[in-house]
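J.: There's a structure below that I have some questions on.
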Amino acid sequence: MNKYEIMFIVRPDMEEADIRKTAESMKKVLTDGKAKVIEEKAMGQRELAYEIKKFNTGYYFLYVVEASKETQQEFNRVARINENIIRHLIVKVED
């Protein structure tokens, strides 16, 4: 199991309940893959450095997880096809 920091940005034009539901569904992808969520942080709405998919702001979420490579790849796949996520980044943390 490797340690990863996963950050993703959710579209700002959604209802707050839908934003939370999107974040929970992405967390479920991790937990279904037997990942251990070490830290979970909702960072709120922030201004983007540049426009992404015609949005200037977005809701940021950060997860620190211990997961297998397969689970990380599944999260990456799901994040790419989820239309509510405008950007995501997965960084492997070295001990």
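J.: Out of Ala42, Ala49, I need the residue that is among the small types (Gly, Ala, Ser) and more than 24 Å from Asn2 (Cα to Cα). Which one?
T.: Working: Ala42 fails: more than 24 Å from Asn2 (Cα to Cα).
Answer to the selection: Ala49.
J.: Now for a separate question. If a residue has to be farther than 10 Å from Phe8 by Cβ and either touching a Lys or Arg at 6+ places or on another chain (Cβ under 8 Å) or among the polar types (S, T, N, Q) (or both) to count, how many in the stretch 54-64 make the cut? First the steps, then the outcome.
T.: Kept after step one, since they are farther than 10 Å from Phe8 by Cβ, are these residues of the stretch 54-64: 54-57, 64.
Next, from what is left, pick out any that are either touching a Lys or Arg at 6+ places or on another chain (Cβ under 8 Å) or among the polar types (S, T, N, Q) (or both): 55-57, 64.
The qualifying residues number 4.
J.: Can you tell me which residue within the stretch 30-55, out of those that are part of a loop (DSSP other than H, G, I, E, B) and farther than 16 Å from Ile86 by Cα, is farthest from the chain's Cα centre (by Cα)? Don't jump to the end; show me each part of the working.
T.: Here is the first cut: in the stretch 30-55, the residues part of a loop (DSSP other than H, G, I, E, B) are 33-35, 53-54.
Restricting the remaining residues to those that are farther than 16 Å from Ile86 by Cα gives 33-35.
Values: Gly33: 15, Lys34: 16, Ala35: 14 Å.
By that ranking, first place goes to Lys34.
Conditions tested, residue by residue: (1) at pLDDT 95 or above; (2) in a helix (DSSP H, G or I); (3) of a type in the set (S, T, N, Q).
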residue: Phe8; (1), (2), (3): yes, no, no
residue: Lys28; (1), (2), (3): yes, yes, no
residue: Gly58; (1), (2), (3): yes, no, no
residue: Asn76; (1), (2), (3): yes, yes, yes
residue: Ile90; (1), (2), (3): yes, no, no
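Results for (1) touching a residue at least 24 places away in the same chain (Cβ under 8 Å); (2) of a type outside the set (Gly, Ala, Ser), shown as yes or no for each residue.
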residue	(1), (2)
Arg20	no, yes
Lys34	yes, yes
Gly44	no, no
Lys53	yes, yes
Tyr59	yes, yes
Ser68	yes, no
Ile81	no, yes
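J.: So, of the residues in the stretch 65-83 that are aliphatic (A, V, I, L, M) and surrounded by 16 or more Cβ atoms within 10 Å (Cβ to Cβ), which turns out to be nearest to Asp13 (Cα to Cα)? Outline the logic, then answer.
T.: Applying the first criterion (aliphatic (A, V, I, L, M)) to the stretch 65-83 yields 65, 67, 78-79, 81.
Still in the running and surrounded by 16 or more Cβ atoms within 10 Å (Cβ to Cβ): 65, 67, 78-79.
On the way: Val65: 28, Ala67: 31, Val78: 20, Ala79: 18 Å.
In this case the residue turns out to be Ala79.
J.: I'd like the residue in the stretch 5-35 that is crowded, with 17+ Cβ neighbours inside 10 Å and of a type in the set (Val, Ile, Thr) and, out of all such residues, is farthest from Lys69 (Cα to Cα). Let's see the steps before the verdict.
T.: Within the stretch 5-35, the subset crowded, with 17+ Cβ neighbours inside 10 Å is 6, 8-11, 19, 22-23, 26-27, 29-30, 35.
If we keep only those that are of a type in the set (Val, Ile, Thr) too, we end up with 6, 9-10, 19, 22, 29.
Working: Ile6: 13, Ile9: 22, Val10: 24, Ile19: 26, Thr22: 22, Val29: 13 Å.
Step by step, filter the stretch 5-35, then rank; the result is Ile19.
J.: What pairs come out if I take residues in the stretch 1-13 that are in contact (Cβ under 8 Å) with a residue 12 or more places away in the chain and on the phi < 0 side of the Ramachandran plot and pair them with residues that are surrounded by 15 or more Cβ atoms within 10 Å (Cβ to Cβ) and among the basic types (Lys, Arg) whose C-beta lies under 6 Å away, six or more apart or interchain?
T.: Ile9/Arg87
The values are calculated or read from the model by the stated rules, or taken from the named source; none is laboratory data. In this text the structure is predicted, and so the values were computed from the model without any measurement. When we count neighbours, we look across all protein chains shown, and the Cβ atoms used for this are built from the backbone with ideal geometry, even at glycine.
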